[in-house]
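Just so it is clear, none of the values below were taken in a lab; they were calculated from the coordinates. Bear in mind the structure is a predicted one, so any value in this text is a computation, not a measurement. Neighbour counts are summed over all protein chains in view; Cβ atoms, including those assigned to glycine, are modelled from backbone coordinates with ideal geometry.
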Amino acid sequence: MGTPASPALSASQLATLALVGEERTAAVGDVLYSVGDTTYPFVAILEGEVAIVDAAGNEIVRHGASSFLGELNLLSGQTVFLTAIVTEPLRYVVVQRDALRGLLFDDGPLSDLVLSTFIARREALQRVEGIGIEIVGPRASQATVRMVEFAGANRLPFTWHETAPPNGAEPPVVRLPGGTELREPSRGEVLGALGVGRELAAREEVDLLVVGAGPAGLAASVYGASEGLDTLIVEGTALGGQAGSSRRIENYLGFPAGISGTELTSRAVSQARKFGARPATPYRAISLEPGDGRHVVRLEEGHEVAARVVVLATGADYRRLPLDDLAHYEGVSAFYAAGPPEAQQCGASRVAVVGGGNSAGQAAVWLARGGALVTMLHRRADLRETMSDYLIRELDRYGVAVRDRSEIAALHGADGRLEAVTLRSGERLAFSFLFFFLGAKPCTEWLDDTVARADDGFILTGDAAGAHNLLETSVPGIFAVGDVRSGSTKRCAAAVGEGSMAVQFVHEHLAAPAARVG
Ligand SMILES: Cc1cc2nc3c(=O)[nH]c(=O)nc-3n(C[C@H](O)[C@H](O)[C@H](O)COP(=O)(O)OP(=O)(O)OC[C@H]3O[C@@H](n4cnc5c(N)ncnc54)[C@H](O)[C@@H]3O)c2cc1C
């Protein structure tokens, strides 16, 4: 395993930990925690050594003096995926989870060190076979594929056995660390069994309900909770949204070297929790009933939330091509947006832009002007069916090759670096980068006609909805932010900006005379 470096705690950090923890010793062979345990404490090593092994006994890494044990599940409360065995006589400080949380909130440098190490360790664990949950079921089973996607979106380490489950069981069967087997479980049952989520009462009453935990929803929660609102954020799939699945976000302000989606969103979730917001997953919103004073959002499995204000941040599903290994290339050589960093990266390279709409045309021109050798691949017989004439002329002007009736059937490359694609016609073309512009579908079907939506389904706000301010929908006290909002800029930073800004409007709404509320 490409184990990330285990950074050392400074003498003063060890002393701080000792103040809230307890010093202990352990002998060679002692087990500090093992696969399947429901929880474990933070361990900082003063002297000695500990080996981390998987369920089969394979050694993953060893930690020595001044280093610490643990990964993301220590904070999220997930079931333990690994076993820690003492290999040299140990003197260590043990800090219980709640005490550690308190300390991390108060101590910025320690929080930075621990959090970034936990995130890096989780990312590394996700690449190791045989750790975490096992999903058994064939690729032909849709329920199995959905479970695999769910595990990936939630950054759970998992192994997929693409076979029929034993004893004629319906797929998927999910084996938890420690051996418990769940047959055809719901996504909630898997997370619940791993010790996460499922924390809502049948009816909750809150000031602010945020629906969707992508960058927009997380930003609204951080600002809402930090400004004293009782804030709940419900998420149907995985905390982090689209951004959480992005391998590297290159254009987020303040991260010149880029930041992984996991890191950005894990930090945002911790920040939301720090201010007292409650992120709850997996809870999918299925209906919204505007009310007098409180709006009611019903969730799957019978829960409901009555909220004085609702922020809709459910995003949009970007259409992806159904290619087996596309996820390996995303963020490295396959993209869904073409901005300055991508143009710079693609200069003098062979690039394919996939899609036939104006956004694809604009991206192709932009990349060609940056020096890339661009080919447009689209399905139809003639680009004029889907693209404006002026853009078609621009493509010609900047030397973009256009291939009609061209659909990608397979990708070829290694380590996320694309080398070529095969078209459905069987032709193989060399490309180093792919850009997809296949449109996006807003996650708004569950809203029916409770709030005004544009023809393409995105939520109208501001003037277009006859509302009081930029982010309010046609119903007072219900706001829409991020990708789901009609006319928004579909980028992380824009989503974060809107989520943050919405909270100011939330306060204005709550402060307004009762007649305006609900
Ligand atoms: C592969 C990829 C790479 C990208 N790379 C970049 C990049 O490098 N830079 C950049 O700026 N942007 C990038 N983007 C775009 C960026 O991720 C989005 O603009 C951003 O995530 C939008 O944030 P959001 O919070 O509005 O929506 P989302 O991130 O889509 O989050 C919405 C959340 O709502 C949840 N949800 C939906 N319906 C419901 C429901 N009914 N109940 C409960 N929850 C629900 C979803 O599960 C999701 O988690 C990328 C997008 C993709 C797909």
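Of the residues 140, 169, 152, the one whose Cα sits farthest towards the positive end of the charge dipole of region 133-193 is 152 (charges of +1 on Lys and Arg Cβ, -1 on Asp and Glu Cβ, taken about the Cα centre). Modelled spin-label separation between residue 463 and residue 22, with each label point placed 7 Å from Cα along the Cα-to-Cβ direction: 6.5 nm. Our note on the geometry: Cα centres of region 226-272 and region 185-221, 15 Å apart. Projecting the Cα atoms of 493, 421, 442 onto the charge dipole of region 384-518 (Cβ charges, centred on the Cα centre) puts 421 farthest toward the positive pole. Spin-label model, residue 203 to residue 332: label points 7 Å out along the Cα-to-beta-carbon direction sit 5.2 nm apart.
Under the criterion of Cα pairs below 8 Å and six or more residues apart, the relative contact order for region 133-193 equals 36 percent. Less than 5 angstrom separates the built amide H of residue 461 from those of 486, all sequence-distant by 5 or more or on a different chain.
Assuming a viscosity of 0.692 mPa s and a temperature of 37 °C, what translational diffusion coefficient in µm² per second does Stokes-Einstein assign to the chain, Rh being the Kirkwood radius over Cα pairs? D, rounded to a whole number, is 132 µm²/s.
Computed from phi, the 3J(HN,Hα) profile of region 108-124 under the Karplus parametrisation 6.51, -1.76, 1.60 (θ = phi - 60°) reads x, x, 5, 4, 4, 5, 5, 5, 5, 5, 4, 5, 4, 5, 5, 4, 5 Hz, with x in place of Gly and Pro.
Using 0.36 nm per residue and subtracting the Cα-Cα separation, the extra length available between residue 112 and residue 186 on full extension is 23.2 nm.
The 3J(HN,Hα) values that the Karplus relation (6.51, -1.76, 1.60; θ = phi - 60°) gives for region 354-371 are, in residue order, 9, x, x, x, 5, 5, 5, x, 4, 5, 4, 5, 4, 5, 5, 5, x, x Hz. Gly and Pro appear as x. On the basis of the beta-carbon distance and an R0 of 60 Å, residue 455 and residue 56 show a calculated FRET efficiency of 0.65.
Around the Cα centre of the chain, unit charges on the Cβ atoms of Lys, Arg, Asp and Glu (plus for the first two, minus for the last two) sum to a dipole of about 1020 debye.
The charge dipole of region 326-438, taken about its Cα centre with unit charges on the Cβ atoms of Lys, Arg (+1), Asp and Glu (-1) only, comes to about 160 debye. A Förster distance of 45 Å, applied to the separation of the beta-carbon atoms of residue 142 and residue 382, puts the FRET efficiency at 0.80.
Subtract the Cα-Cα distance of residue 149 and residue 369 from 0.36 nm times their separation in residues, and report this length gain in nm to one decimal.
75.5 nm
The calculated FRET efficiency for the pair residue 226 and residue 300, based on their C-beta separation and a Förster distance of 30 Å, comes to about 0.55. Our helix-only sum for the chain, with -39,500 (n - 2.57) per DSSP H run of n ≥ 4 divided by its residues, gives a mean residue ellipticity at 222 nm of -8000 deg cm²/dmol. Distance from the C-alpha centroid of region 407-430 to that of region 1-50: 46 Å, rounded to the whole angstrom.
Look at the alpha carbon pairs under 8 Å that are at least 6 residues apart: their mean separation over the length of the chain gives a relative contact order of 11 percent. Counting pairwise Cα distances across region 11-125, what percent come out greater than 21 angstrom? So the pairs more than 21 Å apart make up 31 percent of the total in region 11-125. The Cα center of region 484-498 and the Cα center of region 54-124 differ in position by 35 Å.
In plain terms, the chain from residue 507 to residue 415 could stretch by 28.4 nm, reckoned as 0.36 nm per residue minus the Cα-Cα distance. Remark: region 95-105, residue by residue, has Karplus-estimated 3J(HN,Hα) of 10, 5, 3, 5, 5, 4, 3, x, 5, 5, 5 Hz, where x stands for each Gly or Pro and the curve is 6.51 cos²θ - 1.76 cosθ + 1.60 at θ = phi - 60°.
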